[in-house]
1. What does the accessible area of residue 117 come to, in Å² to the nearest 10, when a probe of 1.4 Å is used?
2. Roughly how big is the chain's charge dipole about its Cα centre, with Cβ charges of +1 (Lys, Arg) and -1 (Asp, Glu), in debye to the nearest 20?
3. Taking amide H positions as placed 1.01 Å from N in the peptide plane, with prolines and chain starts having none, which residues 5 or more places from residue 379, or on another chain, fall under 5 Å of its amide H?
4. Considering the convex hull of the alpha carbon atoms of the range 2-112, report its projected area averaged over all viewing directions, in nm², one decimal.
5. When the Karplus curve 6.51 cos²θ - 1.76 cosθ + 1.60 is applied with θ = phi - 60°, which whole-Hz ³J(HN,Hα) does each residue of the range 277-283 get, with x for Gly and Pro?
6. Between residue 95 and residue 126, what is the spin-label point distance in nm, taking each point 7 Å from the Cα along the Cα→C-beta axis?
7. Amide H neighbours of residue 111 under 5 Å, at least 5 residues apart or on other chains, H built in the peptide plane: list them.
8. Tell me, what HN-Hα J-couplings in whole Hz come from the Karplus equation 6.51 cos²θ - 1.76 cosθ + 1.60 at θ = phi - 60° for each residue of the range 73-83, using x for Gly and Pro?
Amino acid sequence: SVWIASELKGLNDDCEHFESFPPGHLYSSKSGGFRRWYNPPWFSDVTPSVPYDPLVLRRAFENAVIKRLMTDVPFGVLLSGGLDSSLVASITARYLAGTKAAKQWGSQLHSFCVGLEGSPDLKAAREVADYLGTVHHEFHFTVQDGIDAIEDVIYHIETYDVTTIRASTPMFLMSRKIKSLGVKMVMSGEGSDEIFGGYLYFHKAPNKDEFHQETCRKIKALHLYDCLRANKATSAWGLEARVPFLDKEFINVAMAIDPESKMINKDEGRIEKWVLRRAFDDENHPYLPKHILYRQKEQFSDGVGYSWIDGLKAHAAAHVTDKMMLNASNIFPHNTPTTKEAYYYRMIFERFFPQNSARLTVPGGASVACSTAKAVEWDATWKNNLDPSGRAALGVHLSAYDAETPFDNKPSKIVESIPLMMEIPGVTIHG
């Protein structure tokens, strides 16, 4: 018999074999297999040629956000202070007033941010919140808080992928706090980097065809990475995440743009996601402060505070010995972990999901700064420095790793213990 569940943990105790239900597909018991129903033009990987029109792109994204304001529950926006979440917050704040949701819950938007004390995201998010006039809730966590939650995170998100776990943990902690405030739905900025080539490794894309094909590969794999994180880290606490960048109509507009316009060109002053930044660069009715609109890409697991990743590496190094690493290929022949951090997550995952079918549901392969394995070929130096952090894009990231130092031996600074704290006007909750 065929059983279907929304999560692996609903099946793994009762089924002999299980696999992921592919996105955009339907299953027919009559034909006994899957059939893809979602078949947009960009799925073929043919390089598109529609000229870039900033106003068309802006309108398409505004429509995608406005569509998601239909709600009868208390809601807010996740605001990291980066371009994507800030644009979602800006458009939501701009169009909230005339909606039924505003009549029911008030026209002042609530925004939420998480980070270590002094992290880049907390500072930028506070500035955007002040600019937009949102009721801003700032959640602080410590490296130890995150480490304590790792097992729960892996159980809920059902992966051993390093980047996903790094980013899911702060989101998991934040979702618990958001739900405790009575909020049931949040808007989020996932998907933009995949559509527009926002990750810093895209600086090295050799031509527009390669650039476009990589964006297609990234979108097709979203259910294994960012969407997995956004969906399960929030759902673990009964919180719904909505993602306007992944609106099907908006994706069709954005993916039809000639990728030549999306490419990074330092000589012309075009940084990553330039087409999106330009679309919302309105002098008369600004959506965001200029320096936020043109802030460098900061991956979520980096933006919550660099010492978060350094702390994770140090913790894993204390639990995984060199001898264990030497024997890794015998213990884990499939997707063999190549770092102590990856080995540590894999041990936890296999404790919860020991079946062979379970480990096959998680993707593997070489990656640098969140690239696919194919894009690692764009720069020969990356092969020696495979790390999913944005800081691995050497020569691109403003706080890049030192090129001479192997990533797994980076010195780790663990932040002093800070109590979990959340500030709400008139109320302070300590956890």
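1. In the full protein context, residue 117 sits at about 100 Å².
2. Dipole magnitude for the chain comes out near 780 debye.
3. none
4. In nm², the orientation-averaged hull projection of the range 2-112 is 11.7.
5. So the Karplus estimates, Gly and Pro as x, are 4, 5, 4, 10, 8, 10, 5 Hz.
6. Roughly 3.1 nm, to one decimal.
7. 77, 135, 136, 137
8. Coupling constants for the range 73-83: 10, x, 9, x, 10, 7, 10, 8, x, x, 4 Hz.
The values are calculated or read from the model by the stated rules, or taken from the named source; none is laboratory data. What you see is a predicted model, and the numbers here were worked out from it, not measured in a lab. Note: ideal-geometry Cβ built from the backbone for every residue, glycine included; neighbour counts use all protein chains shown. Side chains are part of the model used for accessible areas, which takes the heavy atoms of the whole protein and leaves out ligands, DNA and RNA. Shrake-Rupley method; radii C 1.70, N 1.55, O 1.52, S 1.80 Å.
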